[in-house]
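What follows is a set of notes on a single structure, which appears directly below.
Values in this text are rule-based calculations from the coordinates and carry no lab data. Note that the structure is a prediction, hence the values are computed from the model and not measured. Every residue, glycine as well, gets a Cβ built from its backbone with ideal geometry; the counts of neighbours run over all protein chains shown.
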Amino acid sequence: MCRLIFRKPPSCLQYAGPMNGPSDLQKLIAACELGTAATPSFYVPRQPSVTSQIEIALQPSQSSRVLLMGQNGVGKSTELHTLTTQIQLSRPYLVIAASLDVGLDLRLFGWHEMLIYSACQFVSTIPPGRQPVSQFNKLLHKFGVSSFQVLLDKMRHEPAAVHAQVSESRAMLWDQACGLIRFLEGIHRNPALLIWDGLEKLSRSETQKLFEEEGRYLDELPCRAVITAPMRMSFEPYFTEVADRFLGNVVRLRAMSHERIAQIAFLRGLTPNLLHIIADGLAHANNAQPPRHYETLMNRLIDASAGLPRQLLQLTAAAAKQALNMREGLLLPEHVTLAIRRASETLRYQLEPGDFLELRKPDSKRSNEARARLLDLRALVEYEEPEARFRVEVNPLLTEMLATGR
Amino acid sequence: MKPSQTYWFDDVAQGAVRGETPILCAVCSDPFKAGELCNWLETAVPAFDDEMTVERISSDQLVQRVERAGTEARSVTLVVEDSTQADDKTLEERWHHWNLSRDALRAGLLAPPEGTKRTVVLIATEGPFRQVARRNYAGDLLSLTTVMTVDDTPPAIDPDDKSLYEAYLSAARELETKYPLSTQEFVHRLYDREPLPDAMPKEDIARWRDVAQRLRGSLPHV
């Protein structure tokens, strides 16, 4: 495996600078806070650029669609956030984005509800006096509400009732939602682009229902769209049909190489921060020169991250919190070991005995179904592999468990 | 596959006060042990942090109570004592609902002002929790949660585990040298409320207590 070589960063890389003082560990934890990953200064572009691929695929017509596939924590939301920022700057489209996995019951909801939700969410950001309440009275009346905001709340809190109401008047409500998008395009004088994030969280049966059984509605979306999906769907027999609906515009986001995830560690300040924690701690304790200790630790965290940015941040924060809890000013290997063990604990509960048998097999011997389940659980990780179709490996969080059986 | 390590009740209390995540899931072997853990937390959490109160709430109250806690400037541990006590359908609905509400839960728990510590401890039992985990209908919530397998008898850190055992042992020896006291004697004095060396700062007491807990039952006799 290639090792990270610490060197002076390229000039295009910037970070907030070293962080000194007694709260270095806390700053390290803060730098790992989830939800800040999409900040432009933390963004490490993929090669080839994912946002460029998507933008090119969207160009031809309003019926252009892109399917963005990837495991949880691989960086899809970060790419979509960057795409949104770029488009908002250059303004080729009006971006109507929604994180559908937060607050919406995707077990019940289909394309109709998602379209209504996204359109209403965008409209609700318009000042109340300028919202097209009278033009879309039928839509609001159908749900027994008086405003778009109340409808959004109802979709979040009464999903079963909303789903039943949608099932009664699907065609009419689809029409109304398309009308809302047209209205928004009119006032913004730009063609709309739907960005639907969060669909990678769908279960296997929900994915099939949405993309295969109800996939025809994708053809009827009123504008361009980028839609996420679970990586597992690419192993399903109906996947070719789905890919055809997207005219082959399928972007797979895979786990990052060691070097690329090391760039993220650097940009977010994890590497420089860790260096200072180690250097300050050792200088204080032993009057010693900071050794290459931090490189070993950072490499260990990067190896354990499985190339998944979210896993790297969670492990680093957990290790720093272990150090704080143990009243150490210094991050030590045992803190990292404990953090890795803590993180693997959830996986131990999630895996069935049969999953362990599958994990011990080479990937070529695994059934598609087993691979799909293990990818869903992040027990398996699919890596960037330009030379091959894909490379699937066991999440390093499980290495110790598989080796020792405990 | 058995869990990798078993934690003691005090680890959960410590996790509630100084945990890695604001949401913990403590998995007990059965409902009786789960009840004992709830009782333990009511006593132990304030012992770790006297500003932190403990509230026992039911599963139905969780989301609303956390939202309210986010508006209150006081440290609190919310113990959900029945998080896995339900029939299969309700269990799925409950954890799915929490999964959908995960952002709201985190926002409430991490709300300002800084220094206000809010924690949720989901008390689970092994069988139903395994079902929740394997069927993966709360995967996102679990990825934000520290899962701890808990027992009431103090288990030892595995002395064969070189990477951890040696490090903790060396920390214990360092403190034993600094204060002329064995770790066993320190623990004895701490729990029997006998006087500790005058010069021992709070930080060292806490650190030694942590180290002793991790080494419990596996300290070599000197």
Checklist entry - To the nearest 10 degrees, how steep is helix B:126-135 against the longest Cα principal axis of chain B, on a 0 to 90 scale? => result 60 degrees
Checklist entry - residue B:56's amide H: which non-local residues (gap 5+, or another chain) put their own amide H closer than 5 Å, with H modeled 1.01 Å from N in plane and none for Pro or chain starts? => result B:79
Checklist entry - Quick one: if you stick a label point 7 Å off each Cα along the C-beta vector at residue B:202 and residue B:68, how many nm between them? => result 3.0 nm
Item to check | Simple label model, 7 Å out from Cα along Cβ direction - residue A:235 to residue A:356, nm | outcome: 2.0 nm
Item to check | Peptide B:199-207, shielding by other chains (average Cβ, 10 Å cutoff) | outcome: 1
Checklist outcome for this item: Nearest-0.05 FRET efficiency for residue B:166 and residue B:188 at R0 = 25 Å, using Cβ-Cβ distance, is 0.55
Next on the checklist: Above 28 Å lies some portion of the pair distances; for chain B, what is it as a whole percent of all C-alpha pairs?
Outcome noted: 35 percent
Checklist entry - Using the Cα gyration tensor of segment B:162-215, with a ≥ b ≥ c the square roots of its eigenvalues, what is the shape: rounded (a/c below 1.5), prolate (a/b larger than b/c) or oblate (neither)? => result prolate
Item to check | More than 38 Å apart - percent of Cα-Cα pairs taken over the protein assembly as shown | outcome: 37 percent
Item to check | With Cα atoms, 0 to 90° folded angle of helix B:88-100 axis to chain B main axis | outcome: 80 degrees
Checklist entry - Taking θ as phi - 60°, what are the ³J(HN,Hα) couplings along segment B:201-208 by the Karplus curve (6.51, -1.76, 1.60), each to the nearest whole Hz, with x for Gly and Pro? => result x, 4, 4, 5, 4, 5, 5, 5
Checklist outcome for this item: Long-range amide H partners of residue A:253, meaning residues 5 or more apart or on another chain whose placed amide H is closer than 5 Å, are A:69, A:70
Checklist outcome for this item: Shielding of B:142-151 by other chains, given as the mean Cβ count within 10 Å, works out to 4
Checklist outcome for this item: Across B:92-101, the residue-averaged tally of Cβ atoms belonging to other chains within 10 Å stands at 2
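Mind ranking A:140-150, A:171-181 by how tightly packed they are, going by the mean number of other C-beta atoms within 10 angstrom, highest first?
A:171-181, A:140-150
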Next on the checklist: Could you identify which residue out of A:238, A:383, A:294 has the top mean-square fluctuation in a GNM of chain A using Cα springs shorter than 10 Å?
Outcome noted: A:238
Next on the checklist: Modelling each spin label as a point 7 Å along the Cα-to-Cβ direction, I'd like the residue A:26/residue A:258 distance in nm, to one decimal.
Outcome noted: 3.5 nm
Checklist entry - Residues with amide H under 5 Å of residue A:391's amide H, sequence separation 5 or more or different chain, H placed in the peptide plane at 1.01 Å from N; which? => result A:383
Next on the checklist: Show me the ranking of peptides A:362-370, A:252-260, A:240-248 by mean Cβ neighbours inside 10 Å, starting with the highest.
Outcome noted: A:252-260, A:240-248, A:362-370
Checklist entry - Counting each DSSP H run of 4 or more residues in the protein assembly as shown as -39500 (n - 2.57), what helix-only mean residue ellipticity at 222 nm follows after dividing by all residues, to the nearest 500 deg cm²/dmol? => result -15000 deg cm²/dmol
Checklist entry - Does anyone have the angle between helix B:31-48 and the longest principal axis of chain B? Alpha-carbon axes, 0 to 90°, nearest 10? => result 60 degrees
Checklist outcome for this item: Beyond 22 Å (Cα-Cα) in this structure, taken from A:321/B:202; A:201/B:89; A:76/B:89, we find A:76/B:89
Checklist outcome for this item: Per DSSP, the loop-located chymotrypsin sites (Phe, Trp or Tyr not before Pro) within segment B:8-89 having at most 10 other beta carbons within 10 Å are none
Next on the checklist: Please list, in order along segment A:212-225, the HN-Hα scalar couplings obtained from phi with the Karplus expression 6.51 cos²θ - 1.76 cosθ + 1.60 (θ = phi - 60°), rounded to whole Hz, x for Gly and Pro.
Outcome noted: 9, 5, 10, x, 4, 5, 4, 5, 9, 4, x, 7, 4, 8
Checklist outcome for this item: Taking Cα pairs closer than 8 Å and at least 6 residues apart, the relative contact order of segment A:293-406 in percent is 22 percent
Checklist entry - Could you give the radius of gyration (one decimal) and Dmax (whole number) of the Cα atoms in segment A:45-253, in Å? => result 16.5, 49
Checklist entry - Distance from the Cα centre of segment A:121-193 to that of segment A:36-109, in angstrom? => result 23 Å
